[in-house]
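The values are calculated or read from the model by the stated rules, or taken from the named source; none is laboratory data. Keep in mind the model is a prediction, meaning the values are calculated, not measured. Quick reminder, even Gly has a Cβ in these numbers, built from the backbone with ideal geometry, and neighbours come from all protein chains shown. Remember, those area values only see protein heavy atoms, side chains included, never the ligands or the DNA or RNA. Shrake-Rupley method; radii C 1.70, N 1.55, O 1.52, S 1.80 Å.
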Amino acid sequence: MTRYIIRRILWFIPVLFAIILATFVFVRAIPGGPFDFAGDKSLPPQVVANLEAKYHLNEPVWKQFGRYLYDLIVKQDLGPSYRYRGRTVNDIIRDALPISAQLGALALLLALLIGIPAGIIAALKQNTPLDYASTFVAILGVSIPNIVMGPLLIWIFALKLNWFPVARWGAQPPFFLGFLPTPTPDFWRHAVLPVVTLGTGLSASIARLTRASLLQTIREDYIRTARAKGLAERVVIVRHALKNSLIPVVTILGPMFAAVLTGTFTTEQIFGIPGLGKHFVTSVGNRDYPVVVGTTLLYSVFLVIANLMVDITYAWLDPRIRYD
Amino acid sequence: MAAAEKAAIREKAKEAFEASRRERTPFRDAMRQLLKNRAAVIGGVFVILVILMAIFADFIAPYHFAEVHFEDNYAVPSSKYLAGADYLGRDLLSRTIYGARVSLAVAFVASSVSLVIGLVIGMVSGYAGGRIDNFLMRLVDFLYGFPFLIFVILLQVYFKALSRRGSGIAFVGPLLDLNRRMGGMLFIFIAMGFLNWLQMARIARGQVLSYKQKEFVEAARMVGAGDARIIFRHLLPNVLGPCIVSETLAIPGYIFTEAFLSFIGLGVDAPTPSWGIMISEGYTGLRSYPHLIMAPAIALVLTVLAFNFLGDGLRDAFDPRLRGE
């Protein structure tokens, strides 16, 4: 197992290298440069040339790339932002990542807390009105995209009822331990709508999967054996069926994590939350190359780690699965 | 017994055999199962209706999607504009009807592209085995860590900038032209086709591996069928089912992604209507004109709901293990 994990981690290196290279080259190939505009006016060519020289943009791309890799590996430095003068990509990530992480973690938590119990209940009460109702709600939940859910919630709960604020995030850097928000009432008031927006779709797909998987598990022979032994139904379900039926649920946690990442893109856009997703979209538009490459790299690191964690959990839940 | 009688009996037996074959192929079974699933049938019918609406938009829509009525900007729903009008006084119902074209086109083209790429890679990998399999699967593993949405966004920004400024490369010119004529849809197709094929390649490979050793493939090989014949006649029909089911389940994802791209301003070009763009416009005016967002939001949710019902039904029908008792 340890050898497997080490091999997988070594595998990260070429993957991440390729991602950096692809993003680095590609973002520079997009027509337009970072210094085309300052506000509404365009800069004089001499100023642009000076700025480009300052950031080494006049050098060949392979040289720039070498410099970038050197700074990244030796100094853990993701470079300066071209747009936010005086701020580095590291600064931006330090401020924006915790916000996205808070949003994503809360949404995922909400999704698991609603999704798994709902799926279990639906499966245990299969083909009853309760099952049909929760299945329908779940399928409706996955059919409502964030860009509809967000405005809908804002319209009802922020504009009509005035219960929650329309936008923004209730916590600002610096954060406790670097990522934990101060749980003030203001933080929660701001968090409710975006977290529900992001969490609904996720909880619906978790519920659907949990139901399907549990239904499949309770038809297995070993469940029949457990019942035949005279075990109480509760013990059969909790001890024998649940653990195995959660395996497929764990496998989608990887894609789910990716969905949270992309979901934060939309949700941050809708609620004007200054997280990483919003920064990414803005920085592509601004041709702020280092921010684009830096955020892409960060997302990719999360993605590959999440996939690895899923595979490890998978083996832990199902002793039949052995990696070597 | 007369020869004619014998021939008649043989004919009858053949017919009966053919009929029994028709009765119980796995595909027929699946279709029968599907038709029994009321939600899936309703979903399927709805999808067909949306497709018809998109095709015949010119006849159904009360106005053209770009027809401007400045005097009626932000009109609330009335008998003149059933769903109201937007900031240029364009009829929202008409724009929603035309908007179905973008969503459906993206859904079908993106899923076909990823289906074809995935099938080719997956089947070649599974069938060839050995070094080729190893290489292709390594490639798939490799790409699995890529954040594809980010690359789709980058690609869209690239194509948008390109079509604004033009390009010096010779073969890109006609492409840009075509893209302009398609209202900016072409490049969305290209970018999104790459989203899902990894999954598809894995499924196709798994299917080929499980069927490759079956007796009917052995038999076909024994009577002298070549690789091409085995792949296309014997393996492809078995591989296709699960892949199509999986693609159907992926369609809501494509529709969402297109809507999201349009929402952040990277979708189709104005004035082509897309539900994502309309939702984005409606969201901007949410405080004063909440009716703007209604029609496109409802259309988007209902269409995706229908695809989900249909996809679920297909999956249940093709995977007997998931059938309820």
| query | Quick one: in region B:79-110, which of the residues that are among the aromatic types (Phe, Trp, Tyr) and at pLDDT 85 or above is farthest from B:LEU286 (Cα to Cα)? | reply | B:PHE108
| said: Quick check on my filter: what residues within region B:50-70 are closer than 11 Å to B:ASP86 by Cα and in a helix (DSSP H, G or I)? | reply: B:PHE70
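Mind checking which residues of region A:27-63 are part of a helix (DSSP H, G or I) and either touching a Ser or Thr at 6+ places or on another chain (Cβ under 8 Å) or farther than 17 Å from A:LEU78 by Cα (or both)? Spell out the reasoning first.
Going residue by residue through region A:27-63, those that are part of a helix (DSSP H, G or I) are A:27-29, A:45-54, A:61-63.
A:ALA29, A:PRO45, A:GLN46, A:VAL47, A:VAL48, A:ALA49, A:ASN50, A:LEU51, A:GLU52, A:ALA53 - these are the residues of region A:27-63 that are part of a helix (DSSP H, G or I) and either touching a Ser or Thr at 6+ places or on another chain (Cβ under 8 Å) or farther than 17 Å from A:LEU78 by Cα (or both).
Kindly establish whether A:THR200 is over 21 Å from the mean Cα position of the chain (by Cα), β-branched (Val, Ile, Thr) and open to solvent by less than 60 Å² (accessible area, probe 1.4 Å). Give the derivation first.
On the way: over 21 Å from the mean Cα position of the chain (by Cα): no; β-branched (Val, Ile, Thr): yes; open to solvent by less than 60 Å² (accessible area, probe 1.4 Å): yes.
Here the answer is no, as A:THR200 does not meet what is asked.
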| Test set (1) open to solvent by 50 Å² or more (accessible area, probe 1.4 Å); (2) of a type in the set (Asp, Glu); (3) touching a residue at least 40 places away in the same chain (Cβ under 8 Å) - A:GLU52 fails condition number | (3)
| field | Options B:ALA225, B:ALA219, B:ALA299: the member that is over 21 Å from A:SER205 (Cβ atoms) and not in a helix (DSSP H, G or I) | value | B:ALA225
| For A:ILE247: the one exception among (1) surrounded by fewer than 18 Cβ atoms within 10 Å (Cβ to Cβ); (2) out of contact with any Phe, Trp or Tyr (no Cβ under 7 Å at 6 or more places or on another chain) | (2)
| message | Suppose we filter region A:151-180 for residues that are within 8 Å of another protein chain (Cβ to nearest Cβ), in contact with a helix residue (DSSP H, G or I) (Cβ under 6 Å, 6 or more places away or on another chain) and open to solvent by less than 40 Å² (accessible area, probe 1.4 Å); how many remain? | response | 1
| task | Would you check which residues across region A:187-208 are under 22 Å from A:ARG94 (Cβ atoms) and not small (Gly, Ala, Ser) and list them? | result | A:PHE187, A:HIS190, A:PRO194
| request: Go through (1) away from chain A (no Cβ under 12 Å); (2) over 22 Å from B:LEU266 (Cβ atoms); (3) touching a residue at least 24 places away in the same chain (Cβ under 8 Å); (4) open to solvent by 30 Å² or more (accessible area, probe 1.4 Å) and name the single condition B:GLN199 misses. | output: (1)
| task | Test B:GLU247 against the stated conditions and say whether it is charged (D, E, K, R), more than 14 Å from every other protein chain (Cβ to nearest Cβ), under 18 Å from the mean Cα position of the chain (by Cα) and assigned to a helix (DSSP H, G or I). | result | yes
| field | Restricting region A:72-81 to residues that are surrounded by fewer than 16 Cβ atoms within 10 Å (Cβ to Cβ) and at pLDDT 85 or above, the residue that is farthest from A:ILE20 (Cα to Cα) | value | A:VAL74
| message | Being surrounded by 24 or more Cβ atoms within 10 Å (Cβ to Cβ), within 12 Å of the chain's Cα centre (by Cα) and not in a loop (DSSP other than H, G, I, E, B) narrows it down to one residue among B:SER103, B:SER112, B:SER94; which is it? | response | B:SER103
| request: Output yes when any residue across region A:133-144 is polar (S, T, N, Q) and under 24 Å from the mean Cα position of the chain (by Cα), and no when none is. | output: yes
| query | Of B:ALA30, B:ALA40, which residue is at pLDDT 85 or above, assigned to a helix (DSSP H, G or I) and buried (at least 18 other Cβ atoms within 10 Å of the Cβ)? | reply | B:ALA40
| From B:LEU154, B:LEU93, residue being of a type outside the set (Lys, Arg) and away from chain A (no Cβ under 14 Å) | B:LEU93
| query | When region B:136-151 is examined, which residues are found to be at the interface with chain A (Cβ under 7 Å from one of its Cβ atoms) and open to solvent by less than 30 Å² (accessible area, probe 1.4 Å)? | reply | B:GLY145, B:PHE146, B:PRO147, B:LEU149, B:ILE150
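Being more than 7 Å from chain B (Cβ to nearest Cβ), out of contact with any Ser or Thr (no Cβ under 9 Å at 6 or more places or on another chain) and closer than 23 Å to B:ALA306 by Cβ is the filter here; which residues of region A:130-150 pass it?
The initial filter retains those residues of region A:130-150 that are more than 7 Å from chain B (Cβ to nearest Cβ), namely A:130-138, A:141, A:146, A:149-150.
Now drop any that are not out of contact with any Ser or Thr (no Cβ under 9 Å at 6 or more places or on another chain), which leaves A:130-137.
Once the filter is applied, which keeps residues that are more than 7 Å from chain B (Cβ to nearest Cβ), out of contact with any Ser or Thr (no Cβ under 9 Å at 6 or more places or on another chain) and closer than 23 Å to B:ALA306 by Cβ, region A:130-150 yields A:ASP131, A:TYR132, A:ALA133, A:SER134, A:THR135, A:PHE136, A:VAL137.
Yes or no, residue by residue, for (1) surrounded by 19 or more Cβ atoms within 10 Å (Cβ to Cβ); (2) under 18 Å from the mean Cα position of the chain (by Cα); (3) of a type in the set (S, T, N, Q):
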{"position": "B:ALA259", "(1), (2), (3)": "yes, yes, no"}
{"position": "B:LEU266", "(1), (2), (3)": "yes, no, no"}
{"position": "B:ALA270", "(1), (2), (3)": "no, no, no"}
{"position": "B:SER274", "(1), (2), (3)": "yes, yes, yes"}
{"position": "B:MET278", "(1), (2), (3)": "yes, no, no"}
{"position": "B:ALA297", "(1), (2), (3)": "yes, no, no"}
{"position": "B:VAL304", "(1), (2), (3)": "yes, yes, no"}
{"position": "B:PHE307", "(1), (2), (3)": "yes, yes, no"}
{"position": "B:GLY311", "(1), (2), (3)": "yes, yes, no"}
| Could you give every pair whose Cβ atoms fall below 7 Å, whose first residue belongs to region B:299-311 and is without any contact (Cβ under 8 Å) to a residue 40 or more places away in the chain and at the interface with chain A (Cβ under 8 Å from one of its Cβ atoms), and whose second residue is open to solvent by less than 20 Å² (accessible area, probe 1.4 Å) and part of a helix (DSSP H, G or I), counting only separations of at least 6 or pairs across chains? | B:VAL301/A:SER143; B:VAL301/A:VAL148
| query | Looking at (1) away from chain B (no Cβ under 11 Å); (2) over 21 Å from A:THR210 (Cα atoms); (3) surrounded by fewer than 19 Cβ atoms within 10 Å (Cβ to Cβ), which is the only condition A:ALA105 fails? | reply | (2)
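Could you say whether any residue in region B:236-243 is open to solvent by 40 Å² or more (accessible area, probe 1.4 Å), within 16 Å of A:ILE147 (Cα to Cα) and either within 14 Å of chain A (Cβ to nearest Cβ) or out of contact with any strand residue (DSSP E or B) (no Cβ under 6 Å at 6 or more places or on another chain) (or both)? Outline the logic, then answer.
Of all residues in region B:236-243, those open to solvent by 40 Å² or more (accessible area, probe 1.4 Å) come to B:236-238, B:240, B:242.
Remaining after also requiring within 16 Å of A:ILE147 (Cα to Cα): none.
No, every residue in region B:236-243 fails to be open to solvent by 40 Å² or more (accessible area, probe 1.4 Å), within 16 Å of A:ILE147 (Cα to Cα) and either within 14 Å of chain A (Cβ to nearest Cβ) or out of contact with any strand residue (DSSP E or B) (no Cβ under 6 Å at 6 or more places or on another chain) (or both).
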| query | Where residues in region B:280-295 are in a helix (DSSP H, G or I) and within 9 Å of chain A (Cβ to nearest Cβ), which of them is least open to solvent (accessible area, probe 1.4 Å)? | reply | B:GLY282
| field | Test result for B:ALA228, within 14 Å of chain A (Cβ to nearest Cβ) and over 22 Å from the mean Cα position of the chain (by Cα) | value | no
| query | Only one residue in A:ASN58, A:ASN127 is among the polar types (S, T, N, Q), free of Cβ contacts under 8 Å to residues at least 60 places away in the same chain and more than 14 Å from chain B (Cβ to nearest Cβ). Which one? | reply | A:ASN58
